[in-house]
DNA sequence: GCCGTTTTCGGCCCGACTGTTTTCAGTCG
């Protein structure tokens, strides 16, 4: 079992224990354990196998969880989980996912009304049976019916890039409101997570009601969920929720820190504050002894008041940031303008829309100094993948084009060569040997078992002509799971053979993810952030890749295409490419 | 269940909101 599978077991255990009315701190211990394992950038099986190390040394893992991890690693399952699953009906879990219902209310409904499905629940609400139960009322009943209707649409997290579009439009709209002096988006959007569940806007306004009226006048508003004195929630397209909170100017920093999260980061911050005799909430930082307020207007003074630096929002997940801060080793995260090259893009020769010259011109406009043209290979028939002959023709064209770009842009003769289902590369070695840059990627046989697909990718890494593995896990966020590939084996092989791994910047891919990136950084495997552009606009997704890289804690030094051409070529030579 | 410069017990981040109550439990972030 890999880290995420073990983490999933503990998450499920925590959820099931909640339905059993367990001690909330015990439940949180399982949740914390799950998060610690999920965020780990090395395989927990290796720590377990290492006689010099002890699982219980991991923060959040104690004696009990360490034992359970041992059982999971050796048997693949946990008797406690199987028992709990039998004890908690699935419909109770489904009910608890309805907004407003939690574990306790769901369990009560199930027990008292013999609910067997969500349809049963809807019927019970319509018949007024729910309101008749002690602790429930008419409002709960109708909110359950509303919740059932929107639960599915509202539960979908959207791509960060999609949230960013909504943010841009709403920001523009809200700038038209005169009385707003400060405004900032918080939450997972600000932390640049790959997906965003809702949006949180903080604002300082001299007339709060007017600011709320202005938000309600947003043309994209579908409905208003709630409106109070300090907070308003609306829905925009596809049930996506947007909250706006109005705060005083001297509380803005505390509110921004609080609503940016993550929850785990905030818990850690408050624990540190408490150790120093301070209390921190969304209104400010206070001395516990006499409730004196000592900070709150800016995030800087909030963090400074408890002796911490302002963390980049991308790092606020309670992974390594506090440890780094303590050692004064917070990474200087990579910035978009440090990118000098883009080594994955397509042209109209296959499934792209623009010519080599058009892509080259667009790359120059975006400040790039080198690019690789990497069309698909022949196996990808739907994309009109290139045969060896057509590829050699394309390279001739690149030879012709190159003089026009001398001193401005270097164009590599590249290929995105498929790794075949049976293993091996889609183009002969003598052709690949003539390329400046070879990406290897899987497009077919994605559902192969772990060993098989891992062996295919390892085979590509061992091929001396391959330089980089593109979108290494193949996942499409919300749409397709990653291959069953053993990423740890892939990383070790990449390290051993001096190969790059790609961070594909397409907002639906963002592949590698942040945890993989942290692992690659630890192993000193050079990353290249590529757009995989299929037209000139596609080059603009680079910024999404940079945000993902930042979440992985990557600096410019961890990313090969921040190097200028000379140093990039030197690095390749050093790697033996 | 985890954890420790107040270490093997007794804490565990903190507050808002809601609905249903009449002082609070449950839910949420």
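Structure notes:
- Test for residue A:86: is it under 22 Å from residue A:15 (Cα atoms), within 15 Å of DNA strand B (Cβ to nearest atom) and not in a loop (DSSP other than H, G, I, E, B): no
- When residue A:508 is tested against the conditions (1) farther than 18 Å from residue A:416 by Cα; (2) outside any loop (DSSP other than H, G, I, E, B), the lone failure is (2).
The rows are residues; the columns are (1) over 27 Å from the mean Cα position of the chain (by Cα); (2) farther than 25 Å from residue A:59 by Cβ; (3) in the same structural domain as residue A:60 (by TED's automatic domain parsing).
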| residue | (1), (2), (3) |
| --- | --- |
| A:260 | no, no, no |
| A:264 | no, no, no |
| A:269 | no, no, no |
| A:279 | yes, no, no |
| A:283 | yes, yes, no |
| A:294 | yes, yes, no |
| A:297 | yes, yes, no |
| A:301 | yes, yes, no |
| A:320 | no, no, no |
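- Within the range A:215-244, being farther than 20 Å from residue A:162 by Cα and surrounded by fewer than 20 Cβ atoms within 10 Å (Cβ to Cβ) holds for A:216, A:217, A:224, A:225, A:226, A:227, A:228, A:229, A:230, A:231.
- Any hit, the range A:419-427, residues being more than 20 Å from residue A:499 (Cα to Cα) and in a loop (DSSP other than H, G, I, E, B): yes
- Of the residues making up the range A:233-258, those that are closer than 21 Å to residue A:156 by Cα and within 11 Å of DNA strand B (Cβ to nearest atom) number 3.
- Residue ID - farthest from residue A:183 (Cα to Cα), chosen from residues in the range A:196-211 that are buried (at least 18 other Cβ atoms within 10 Å of the Cβ) and away from DNA strand B (no atom under 13 Å from the Cβ): A:211
- Among the residues here, residue A:226 does not qualify as under 19 Å from residue A:254 (Cα atoms), part of a strand (DSSP E or B), within 16 Å of DNA strand B (Cβ to nearest atom) and more than 23 Å from the chain's Cα centre (by Cα).
- Only one of the numbered conditions (1) outside the structural domain of residue A:19 (by TED's automatic domain parsing); (2) away from DNA strand B (no atom under 14 Å from the Cβ); (3) surrounded by fewer than 17 Cβ atoms within 10 Å (Cβ to Cβ) is not met by residue A:77, and that is (1).
- Qualifying residue in the range A:43-56 (condition: more than 9 Å from DNA strand B (Cβ to nearest atom), crowded, with 17+ Cβ neighbours inside 10 Å and either in the same structural domain as residue A:104 (by TED's automatic domain parsing) or not in a helix (DSSP H, G or I) (or both)): yes
- The number of residues in the range A:243-293 being touching a strand residue (DSSP E or B) at 6+ places or on another chain (Cβ under 7 Å) and free of Cβ contacts under 8 Å to residues at least 24 places away in the same chain comes to 8.
- Residue under evaluation residue A:440, criteria (1) closer than 22 Å to residue A:543 by Cβ; (2) surrounded by 22 or more Cβ atoms within 10 Å (Cβ to Cβ), criterion not met: (1)
- Among the residues of the range A:277-292, those that are more than 9 Å from DNA strand B (Cβ to nearest atom) and surrounded by fewer than 15 Cβ atoms within 10 Å (Cβ to Cβ) comprise A:287, A:289, A:290, A:291, A:292.
- Test: residue in the range A:206-225 that is touching a residue at least 60 places away in the same chain (Cβ under 8 Å) and touching a strand residue (DSSP E or B) at 6+ places or on another chain (Cβ under 7 Å): no
- A count restricted to the range A:171-191 and to residues that are assigned to a loop (DSSP other than H, G, I, E, B) and either surrounded by fewer than 18 Cβ atoms within 10 Å (Cβ to Cβ) or within 16 Å of DNA strand B (Cβ to nearest atom) (or both) stands at 6.
- Any hit, the range A:59-82, residues being out of contact with any helix residue (DSSP H, G or I) (no Cβ under 9 Å at 6 or more places or on another chain), within 22 Å of residue A:523 (Cβ to Cβ) and modelled with pLDDT under 90: no
- Annotation: residue A:60 fulfils all but one of (1) outside any helix (DSSP H, G or I); (2) closer than 15 Å to residue A:13 by Cα; the unmet one is (2).
- Verdict on residue A:322 being within 13 Å of DNA strand B (Cβ to nearest atom), at pLDDT 90 or above and under 30 Å from residue A:521 (Cβ atoms): yes
- Residues that are exposed (fewer than 13 other Cβ atoms within 10 Å of the Cβ), outside any loop (DSSP other than H, G, I, E, B) and more than 6 Å from DNA strand B (Cβ to nearest atom), drawn from the range A:125-142: A:126
- In the range A:463-505, the residues that are part of a strand (DSSP E or B) and within 23 Å of residue A:44 (Cβ to Cβ): A:501
The values are calculated or read from the model by the stated rules, or taken from the named source; none is laboratory data. Since the model is a prediction, treat every value here as computed from it, not as a measurement. With ideal geometry, Cβ positions are generated from the backbone for all residues, glycine too; neighbour counts draw on all protein chains shown.
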